[in-house]
Amino acid sequence: QCVDELGTEIYYGKELLRKGMQALAIMTQLVSLEVFSFVEGQWEMHLQAARTILGMFQNRWAPELFAEKGIASGASSLGEALTDQCSTDDLKALKFFITSFVWVDIIANASHGPPPFDLKHFDYLPLLRNGHLQPQEIMSCQSCIMISITEITAIEAWKNAQIERGCLSVVQLVTRAATLNSRLTLGIQGLESRLRINSTNLEADSEAVNLIFAYGALVYLHTIVSGASPHTPEIKHNVTRCLERFEALPTRLLTRNCWPFTVAGCMATEDQYDRFRYIVARTSAAKQALGTTWKGLKVMEECWRLRKFEPGIWCWRSTMKKIN
């Protein structure tokens, strides 16, 4: 109803932007409740509603915010850009809502599959590439890794479209994947050399989270390219490295790593199952927050069971479809 009302064009200027931000705030809160808690809801619908509103901001209501010097240019320049329409606090809130949406959308697409809608409704990839958005300010994972995860989803969408047309080029697929693999591997080498896992400062915590997400992204990439076999050498190697990093991770940080935990766990070999279970048990025993990691363990336990007892190609995505 809120989105429909905004589409009636009865609001203009400052009132329109304020109404749009209020609607975006509502959608952000609903998605957060539905994704990150025990509350059941329609998170897909609310995420799509947020995407629609952000597309209106980007394409009609405030395109100047998304230009080359928009969100990246700081609060003062933003205030100058929309002096007559938005306060500085409003602009800060909008940036927070956009970043929150982007974080959830990237992970949702990597978890459930490429979206069926036109990404041009709200194109946030340039905002990440230009540094306009900083997802690490919300959940520690750097823009470069979130960009890679988004690009892996794009490769999968391209692969699916080519298969539907009957013209998939394996050479093109491997070439695209190799570029991403090289970029992620290079990033991992830099993180590995800087990592100070025993430190308690925020920089070290962020590096640890980034490293795990990078390994999770590689597992995702090779699953898309090679298929969901835990015994594929590239998948097995990156699952093992990801698991080792989880075992070295302070328990307080597990709650920030649900997505790579689930992805790597679902692609683990049988000899690694208990090690993944112990990561959750250890965190729980330390009375640290599990966040949505318990959902991840539930998915991987079902994935392991399906792989053993039912024919099919099982990964985190096919398992979640089966559960639902």
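Would you confirm whether or not the range 215-226 contains a residue that is hydroxyl-bearing (S, T, Y) and more than 27 Å from F309 (Cβ to Cβ)? Checking the range 215-226: at least one residue is hydroxyl-bearing (S, T, Y) and more than 27 Å from F309 (Cβ to Cβ).
Comparison of L186, L243, L249, L173 shows that the only residue that is closer than 15 Å to Q142 by Cβ and not acidic (D, E) is L186.
Has the range 102-122 got at least one residue that is farther than 23 Å from S226 by Cβ, among the charged types (D, E, K, R), open to solvent by less than 30 Å² (accessible area, probe 1.4 Å) and part of a helix (DSSP H, G or I)? There is at least one residue in the range 102-122 that is farther than 23 Å from S226 by Cβ, among the charged types (D, E, K, R), open to solvent by less than 30 Å² (accessible area, probe 1.4 Å) and part of a helix (DSSP H, G or I). Filtering the range 283-300 to residues that are open to solvent by 60 Å² or more (accessible area, probe 1.4 Å) and not aromatic (F, W, Y) leaves S284, A285, K287, Q288, A289, K295, K298. Would you say L78 is at pLDDT 75 or above and among the hydrophobic types (A, V, I, L, M, F, W, C)? The answer is no for L78. Taken as a whole, the structure places A154 among residues that are in a helix (DSSP H, G or I), open to solvent by 30 Å² or more (accessible area, probe 1.4 Å) and within 21 Å of E234 (Cα to Cα).
Here's the yes/no breakdown for (1) open to solvent by 10 Å² or more (accessible area, probe 1.4 Å); (2) in contact with a strand residue (DSSP E or B) (Cβ under 9 Å, 6 or more places away or on another chain); (3) in a helix (DSSP H, G or I); (4) modelled with pLDDT of 95 or more:
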{"residue": "C141", "(1), (2), (3), (4)": "no, no, no, no"}
{"residue": "C144", "(1), (2), (3), (4)": "yes, no, yes, no"}
{"residue": "G187", "(1), (2), (3), (4)": "yes, no, yes, no"}
{"residue": "G190", "(1), (2), (3), (4)": "yes, no, yes, no"}
{"residue": "S199", "(1), (2), (3), (4)": "yes, no, no, no"}
{"residue": "A204", "(1), (2), (3), (4)": "no, no, yes, no"}
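Residue by residue, here is whether (1) among the hydroxyl-bearing types (S, T, Y); (2) within 18 Å of S143 (Cα to Cα); (3) out of contact with any Leu (no Cβ under 7 Å at 6 or more places or on another chain); (4) in a helix (DSSP H, G or I) holds:
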position: V209; (1), (2), (3), (4): no, yes, no, yes
position: I224; (1), (2), (3), (4): no, no, yes, yes
position: D271; (1), (2), (3), (4): no, no, yes, yes
position: T283; (1), (2), (3), (4): yes, no, no, yes
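Among the residues making up the range 302-324, those that are open to solvent by 60 Å² or more (accessible area, probe 1.4 Å), assigned to a helix (DSSP H, G or I) and either in contact (Cβ under 8 Å) with a residue 24 or more places away in the chain or not aromatic (F, W, Y) (or both) are R305, R307, K308, K321, K322, I323. Note on the range 227-264: residues that are open to solvent by 30 Å² or more (accessible area, probe 1.4 Å), within 20 Å of the chain's Cα centre (by Cα) and among the hydroxyl-bearing types (S, T, Y) amount to 1.
You will find that of A161, A177, A157, the residue that is in contact with a Gly (Cβ under 9 Å, 6 or more places away or on another chain) and of a type in the set (A, V, I, L, M, F, W, C) is A157 and no other.
The values are calculated or read from the model by the stated rules, or taken from the named source; none is laboratory data. A quick note: this is a predicted structure, and the numbers were derived from the prediction, not measured. FYI the Cβ positions are ideal-geometry reconstructions off the backbone, even for glycines, and counts take in every protein chain you see. Surface areas here come from the heavy atoms of the whole protein model, side chains and all, with no ligands, DNA or RNA. Shrake-Rupley method; radii C 1.70, N 1.55, O 1.52, S 1.80 Å.
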